[in-house]
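**Q** Below is the structure I would like to discuss, written out as structure tokens.
None of the figures in this text is laboratory data; all of them are computed from the coordinates on show. Just so it is clear, the structure is predicted and the values come from calculations on it, not from any experiment. Every residue, glycine as well, gets a Cβ built from its backbone with ideal geometry; the counts of neighbours run over all protein chains shown.
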There are 2 protein chains.
Amino acid sequence: MAMRQQERSESTRARLMDAMIECLVERGWSGTTTTEVAQRAGVSRGAQLHHYPTRADLVVAAVAHLGAARFAETREAAAALPVGAGRTRAVLEMLAELHTGPLFRAALELLVAARTDPELHAVVAPLEAEIGRSTHRLTVELLGADESLPGVRTAVQQTLDMVRGLGIDALVSDDRTRRTALLDDWARHLDARLAAATEPPG
Amino acid sequence: MAMRQQERSESTRARLMDAMIECLVERGWSGTTTTEVAQRAGVSRGAQLHHYPTRADLVVAAVAHLGAARFAETREAAAALPVGAGRTRAVLEMLAELHTGPLFRAALELLVAARTDPELHAVVAPLEAEIGRSTHRLTVELLGADESLPGVRTAVQQTLDMVRGLGIDALVSDDRTRRTALLDDWARHLDARLAAATEPPG
């Protein structure tokens with residue numbers, strides 16, 4: 001019985017988190033109410049308040065959960081990538097997808113709302129920092145980059161800031177041709193920098 | 001008399017636009033009401049509605065006006081920059097300032113709100129496209145870059161996406177040390193890329 005109760009709680013939380021992300025991506029933070037999220041999830045207000053006392057509690061749990069899921073999916077998909085030529089470009093494509101999809105959009109809604117809402121800021125700032133660190137770790141791992149070599153960490157940071165910028169560009173107009181050309185070029189540039197970092201100092 | 005009336009109208013519009021930006025940066029789009037903007041500007045509701053019938057009309061005018069002012073200021077400040085060594089790094093600093101200041105924050109509020117609001121989207125998409133083109137033109141001009149050379153246009157786009165990403169990073173945590181190191185490094189790479197583009201093909 002204890003087990004079944006625990007399973008029910010997990011399923012309730014999962015439905016609430018999924019409904020929160022759906023609502024956030026469709027309507028934005030200002031258009032997202034806990035009442036609508038509970039309705040979408042098919043969960044009573046009492047059960048919702050039991051698991052997540054505030055809208056901020058629920059959204060932070062939901063975005064953290066989505067982040068963990070998307071990073072795991074990306075890691076799994078990357079296992080099928082070739083090693084060597086073309087890998088860097090494929091990794092950049094995966095990063096661009098992460099930054100034009102629901103995770104980036106949900107996280108951006110929160111960032112922008114947190115900028116002018118001190119209570120939300122207190123919970124969103126650590127969440128965004130954690131997502132930033134996880135994205136960085138994932139990128140280093142997928143590129144097979146060695147951050148102990150000079151310049152490598154900075155090149156990875158530049159790559160991530162660039163794809164964040166591409167995510168902004170894609171919010172109201174999605175220019176895939178421009179993005180493809182930009183990433184093709186950056187893949188060559190990044191490969192050259194990573195290769196130069198491994199050369200012994202002459 | 002006609003002249004004085006025109007001057008009064010211009011002053012009313014300027015006060016409304018300034019108050020709109022102030023409100024947008026302090027409270028975000030969802031916290032910005034036309035009533036509060038009129039109060040801050042010290043303008044009657046009637047006069048406000050005469051000049052800007054909707055909140056969207058006023059915000060689009062205000063952000064376009066701020067953009068033009070900030071681009072002109074940046075151009076003027078850049079006239080004092082040295083030509084040659086250090087110029088690229090100084091231009092990157094100006095771009096980073098543009099993307100961590102009120103113009104970027106106001107434009108981002110609108111982009112994020114427009115994502116989930118079709119009426120706002122209709123007016124914000126052309127505005128954002130125009131700001132994007134103006135920022136690109138300004139960057140090319142300040143760098144003294146020749147976009148007819150291969151790779152130059154792409155390097156400028158990468159630079160701008162990178163500073164947009166830095167603008168996002170700065171929303172909830174302002175890590176100036178990281179940004180400085182990143183831009184120092186990118187200035188060297190960008191200079192190398194611009195120099196390589198001018199070399200005749202060997």
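**Q** Go through the stretch B:156-168 and report how many residues are without any contact (Cβ under 8 Å) to a residue 40 or more places away in the chain and either hydroxyl-bearing (Ser, Thr, Tyr) or more than 7 Å from chain A (Cβ to nearest Cβ) (or both).
**A** The number of residues fulfilling the criteria is 1.
**Q** Do you know which residues across the stretch A:154-169 are over 15 Å from the mean Cα position of the chain (by Cα) and small (Gly, Ala, Ser)?
**A** Result: A:Ala155, single match.
**Q** Same structure, new question: Under 8 Å between Cβ atoms, at least 6 apart or on separate chains: pull out the pairs that start in the stretch A:24-39 with a residue that is closer than 15 Å to A:Leu111 by Cβ and end on any residue that is among the hydroxyl-bearing types (Ser, Thr, Tyr) and surrounded by 20 or more Cβ atoms within 10 Å (Cβ to Cβ).
**A** From the stretch A:24-39, the pairs are A:Leu24/A:Thr32.
**Q** Looking for whichever is crowded, with 16+ Cβ neighbours inside 10 Å, within 14 Å of another protein chain (Cβ to nearest Cβ) and among the polar types (S, T, N, Q) here; the options are A:Thr12, A:Thr88, A:Thr32, A:Thr74. Which one fits?
**A** A:Thr32
**Q** Then there is this: Quick check: anything in the stretch B:45-58 of a type in the set (Phe, Trp, Tyr), in contact (Cβ under 8 Å) with a residue 24 or more places away in the chain and closer than 30 Å to B:Leu194 by Cα?
**A** No, the stretch B:45-58 contains no residue that is of a type in the set (Phe, Trp, Tyr), in contact (Cβ under 8 Å) with a residue 24 or more places away in the chain and closer than 30 Å to B:Leu194 by Cα.
**Q** Could we say that A:His121 is facing another protein chain (nearest Cβ under 10 Å) and either surrounded by fewer than 21 Cβ atoms within 10 Å (Cβ to Cβ) or aromatic (Phe, Trp, Tyr) (or both) here?
**A** The answer is yes for A:His121.
**Q** Something else now. Please verify whether the stretch B:186-196 includes one or more residues that are within 21 Å of B:Gly84 (Cα to Cα), within 9 Å of chain A (Cβ to nearest Cβ) and in contact (Cβ under 8 Å) with a residue 12 or more places away in the chain.
**A** Within the stretch B:186-196, one or more residues are within 21 Å of B:Gly84 (Cα to Cα), within 9 Å of chain A (Cβ to nearest Cβ) and in contact (Cβ under 8 Å) with a residue 12 or more places away in the chain.
**Q** Out of curiosity, is A:Leu95 buried (at least 22 other Cβ atoms within 10 Å of the Cβ), within 11 Å of the chain's Cα centre (by Cα) and within 8 Å of chain B (Cβ to nearest Cβ)?
**A** no
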